[in-house]
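> The following block contains the structure, expressed as structure tokens.
The values are calculated or read from the model by the stated rules, or taken from the named source; none is laboratory data. The model shown is predicted, which means the values in this text are computed figures rather than measured ones. Cβ: placed from backbone, ideal geometry, glycine included. Neighbour counts: every protein chain shown. These area figures cover heavy atoms from the full protein model, side chains too; ligands, DNA and RNA do not enter into them. Shrake-Rupley method; radii C 1.70, N 1.55, O 1.52, S 1.80 Å.
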Amino acid sequence: MKELHIGRNDAGQRLDRFVAKSVPLLPASLLQKYIRLKRIKVNGKGASRDTRLVEGNVLQLYINDEFFETPKAENAYLTVSTPKLHIVYEDEHILLVDKKPGQAVHPHDGAEYGKTLIDHIQAYLYAKREWRPREENSFTPALCNRIDRNTGGIVIAAKTAEALRILNQKIRDRELDKRYLCIVYGTPKPPEGKLEGYIFKDAAKNRVYVTKTSQPGAKTSVTRYKTLCTRNGLSLVECELITGRTHQIRAQMAAAGHPLLGDGKYGKLDKRYDRKFQALYSYKLTFTFTTDAGCLSHLDGKTFQVEDVDFVEQYFPGYTW
């Protein structure tokens, strides 16, 4: 239990608004619930949310200590009262989540704390009591891969330290097969092939550049692609990442003369189509372990796929893969 004392400058405020400012990590819905349950009292008695505070009042808050911490990225999950996740698969070690376009995976992507994918994953595991941060100071559930804010698809989260270690190694050893669906302008020729080159990242502009020859700071980039369907000047393409560079598919397809639909960074926005961000989705993941995977061995050979990719139905209605 914590006590808050109302001074001259705090007087006159509503109870719920004062507590919201004093305990910013406490979700609004939980704040209102605690007032109703009389876990937030004024001078030892229950009070309504619109009670006007008076100088000298003492508030008793019977809520968990973690809500009184200073807000930061590490505890942003506390602000999520109702986690919103599209779960593709879950076991005791990992969680596969279908991230929808528009959501950032981490706060440093420019998103507000409490709204990112990792915030919702941590809040989900905290609510299930599978993760107790005050008891397990050495490990925090973490993402093993990331995708751009406006790209949708499967993101892998490790629920245990062992799973995180194994998956990070498997990703480095390329023992995961990740497939993307995208829509590009034109018809790739040949319809199936490999895009190879070097990618140089300009961090200041948050974009990359594709070159045919190596240069200082550039990294090799390889993408396999297969044209699945072509209609009305657009092609539905499946891409396989051999390397995993920033904006790899977007930049390499644009360099090949086939920018992604809706990609204003590496192509241009087309008024004929109602699309303001790239038509790109990480829709399928297969675990292809060639070495021991420990606690994740049961996943070897398994494929997980997102069945609903909005732009496929919108631009290629009736197409199934």
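> Could you tell me whether any residue of the range 27-35 is in a loop (DSSP other than H, G, I, E, B), under 22 Å from the mean Cα position of the chain (by Cα) and either modelled with pLDDT of 95 or more or not basic (Lys, Arg) (or both)?
yes
> Pairs under 7 Å by beta carbon, first residue under 21 Å from residue 160 (Cβ atoms) and in contact (Cβ under 8 Å) with a residue 24 or more places away in the chain in the range 94-105, partner among the basic types (Lys, Arg) and buried (at least 19 other Cβ atoms within 10 Å of the Cβ), six or more apart or different chains?
94/159; 95/159; 105/99
> Can I ask one more? Note down all Cβ pairs under 7 Å where the first residue falls in the range 58-74 and is under 17 Å from residue 132 (Cβ atoms), the second is open to solvent by 70 Å² or more (accessible area, probe 1.4 Å) and modelled with pLDDT under 85, and they're at least six residues apart or on different chains.
Partner pairs satisfying both residue conditions: 66/134.
> I'd like the residue in the range 230-246 that is aliphatic (A, V, I, L, M) and at pLDDT 95 or above and, out of all such residues, is nearest to residue 180 (Cα to Cα).
237
> What's the number of the condition residue 108 fails, among (1) open to solvent by 30 Å² or more (accessible area, probe 1.4 Å); (2) modelled with pLDDT of 85 or more; (3) not in a loop (DSSP other than H, G, I, E, B)?
Of (1) open to solvent by 30 Å² or more (accessible area, probe 1.4 Å); (2) modelled with pLDDT of 85 or more; (3) not in a loop (DSSP other than H, G, I, E, B), only one is false for residue 108: (2).
> Same structure, new question: Quick check, is residue 286 β-branched (Val, Ile, Thr) and under 26 Å from residue 156 (Cα atoms)?
yes
> Among 281, 315, which is the only one that is among the aromatic types (Phe, Trp, Tyr) and in contact with a helix residue (DSSP H, G or I) (Cβ under 8 Å, 6 or more places away or on another chain)?
After ruling out the rest, the residue left standing is 281.
> Answer yes or no: is there a residue in the range 142-157 that is over 24 Å from residue 279 (Cα atoms) and either under 22 Å from the mean Cα position of the chain (by Cα) or touching a residue at least 12 places away in the same chain (Cβ under 8 Å) (or both).
yes
> Going through the range 68-87 one residue at a time, which ones are open to solvent by 50 Å² or more (accessible area, probe 1.4 Å) and not hydroxyl-bearing (Ser, Thr, Tyr)?
Passing the criteria: 68, 69, 71, 72, 74, 84, 86, 87.
> Considering each residue of the range 268-300, count those that are open to solvent by 60 Å² or more (accessible area, probe 1.4 Å), in contact (Cβ under 8 Å) with a residue 24 or more places away in the chain and of a type in the set (A, V, I, L, M, F, W, C), and give that number.
1
> Right, here's the next one. Go through the range 50-67 and give me each residue that's out of contact with any Lys or Arg (no Cβ under 6 Å at 6 or more places or on another chain) and surrounded by fewer than 16 Cβ atoms within 10 Å (Cβ to Cβ).
Scanning the range 50-67 gives 52, 54, 56, 58, 64, 65, 66.
> Hey, could you check the range 193-223 for residues that are in contact (Cβ under 8 Å) with a residue 12 or more places away in the chain and surrounded by fewer than 13 Cβ atoms within 10 Å (Cβ to Cβ) and say which is nearest to the chain's Cα centre (by Cα)?
220
> Looking at the structure I just gave you, is residue 247 of a type outside the set (S, T, N, Q), over 23 Å from residue 145 (Cα atoms) and buried (at least 20 other Cβ atoms within 10 Å of the Cβ)?
no
> Considering only the range 250-259, I want to know if a residue exists there that is in contact with a Leu (Cβ under 8 Å, 6 or more places away or on another chain), in a strand (DSSP E or B) and aliphatic (A, V, I, L, M).
For the range 250-259, residues in contact with a Leu (Cβ under 8 Å, 6 or more places away or on another chain), in a strand (DSSP E or B) and aliphatic (A, V, I, L, M): absent.
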